Amino acid sequence: MQKNVWIAKRWWLLPVMVIIGAGSVGTNLAGEGQYDAGYGARVAAVACALLAAATLVAIDRQPAVLVVTGALCGGYFALGGENGPIFFVLIVAAFLLALRRPVRVWLPALLAAAVLLWLGLLVRGLRWDELVIGTWQSIGVGALVAAATAIGTSVRHGRAAGRDRVSRVAAEERLRMAQDLHDGVGHGLAVIAMQAGVGLHVLDRDTEAVRDALTAIRETSREALTALRSELSQLTGEAAPRAPRRGLSDLGALVARMRSAGVEVRVVGEPPVAGEEVGAVAYAVVQESLTNVLRHAAARTATVEIGQQDGRMSITITDDGVGAMGHDEGMGLSGMRSRVTAVGGAFTAGPATGGGFCVRAVLPLTP
């Protein structure tokens, strides 16, 4: 399989090799050329050209082969080979290497190959008194090689940037899914655990309270399973409806669920009209903050304050729990911070004055 892919990427080298080989044969063996090197020398020059063209298929896998390519091209000219497509060998080789490998890998070999080729042109210029022509040919080949390496390097960097973009988008999607699972499923499990504790506590004394706790567990577990199934379907590629995004209009249900779990939640202020993205972020901040209250704070009450000023919405969640001793941001707090900053907002979290914990987010009404 790897061999087939390797060949597929190099199919265009075949016509290049044919042109170089046929051109070298035609210019050197079709008749008397510009340089009277003798038939045997011309045959040897053609052999050098054919071997140099053949090295192109392995040049990007073994950059050191480029030195051999330069030596064969230099030998071609030193033997009195005629001008022709042989000049393109080093140019194509340089492009291939720059396209597939970083500069530090091929630059020493390219410099050595260029020196060998220029030595061949120098020898031919000295033998046939054409130093000026050889000098200009050397400069031209050098300029074309430099252009080929620049183009190849640019294309390679563009491809690498494209792969990085794809990788970054995939990583961001995985992070989003992890945050959604953490927020939705984590919140659901916290509520279920609290409701189960309530049910066990009143099991023998208040059957109605037990019934309410079990009902809440059933509804919360359904929501958590729906969210889990939706996110997992994105990984497996299965067709499953995406769970609807929660927004500010869903705060009432969230607060009711928290109250049923034993935490008295007060909401101060009315949610303003906000964009869908901002509303989803605001809901996620309140949900995760209240989940943390339920799981970690040992609080009896929590307050959600919502305000609006100068086109921005502020959300502050405080509780009367134990607060945090040298609090360390876990996935919940870091997830809230990343969501808020992604829409251009500001986020702070830490122990509240007078005890408990405080989470505050300031969000633009439209991202």
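Between residue 11 and residue 130, take the C-beta separation as r, use R0 = 41 Å, and let me know the FRET efficiency to the nearest 0.05.
Computed FRET efficiency for residue 11 and residue 130: 0.65.
Rounded to the nearest 0.05, what FRET efficiency do residue 353 and residue 308 give with R0 = 25 Å and r taken as the Cβ-Cβ distance? Could you check? According to the calculation, E is roughly 0.60. Amide H to amide H distances under 5 Å link residue 313 with 363, 365, where only residues 5 or more positions off or on other chains count and H is placed in the peptide plane. Backbone amide hydrogens, once placed in the peptide plane, bring residue 302 within less than 5 Å of 264, 265, 266, excluding anything fewer than 5 places away on its chain. In order along the range 47-54, the phi-based Karplus estimate (6.51 cos²θ - 1.76 cosθ + 1.60, θ = phi - 60°) of 3J(HN,Hα) comes to 4, 4, 5, 5, 5, 4, 5, 5 Hz; Gly and Pro are listed as x.
Taking each residue as 0.36 nm, the span from residue 150 to residue 298 lengthens on full extension beyond its C-alpha to C-alpha distance by 46.9 nm. Were the residues from residue 276 through residue 165 laid out at 0.36 nm apart, the gain over their Cα-Cα distance would be 37.4 nm. At an R0 of 35 angstrom, the distance between the Cβ atoms of residue 41 and residue 111 translates into a FRET efficiency of 0.80. A simple rule links phi to the HN-Hα coupling: the Karplus curve 6.51 cos²θ - 1.76 cosθ + 1.60 with θ = phi - 60°, which for the range 288-295 gives 5, 5, 5, 4, 5, 4, 5, 8 Hz, with x for Gly and Pro. Of the peptides 102-109, 72-79, the ranking by mean beta-carbon count within 10 Å, highest at the top, reads 72-79, 102-109.
Seen from a random direction on average, the alpha-carbon convex hull of the range 263-367 projects onto 6.1 square nanometres. Take the alpha carbon gyration tensor of the range 2-129, find the square roots of its eigenvalues, order them as a ≥ b ≥ c, and report rounded if a/c is under 1.5; if not, report prolate when a/b exceeds b/c, else oblate. Oblate, since a/c reaches 1.5 and b/c is not below a/b.
In order along the range 312-321, phi translates into HN-Hα couplings of 10, 10, 10, 10, 10, 10, 10, 9, 9, x Hz, rounded to whole numbers, per the Karplus curve 6.51 cos²θ - 1.76 cosθ + 1.60 with θ = phi - 60° and x for Gly and Pro.
None of the figures in this text is laboratory data; all of them are computed from the coordinates on show. If you're wondering where the values come from, they're calculated on a predicted model, not measured in any experiment. So basically every Cβ, Gly included, is an ideal-geometry build from the backbone, and we count neighbours across all protein chains shown.
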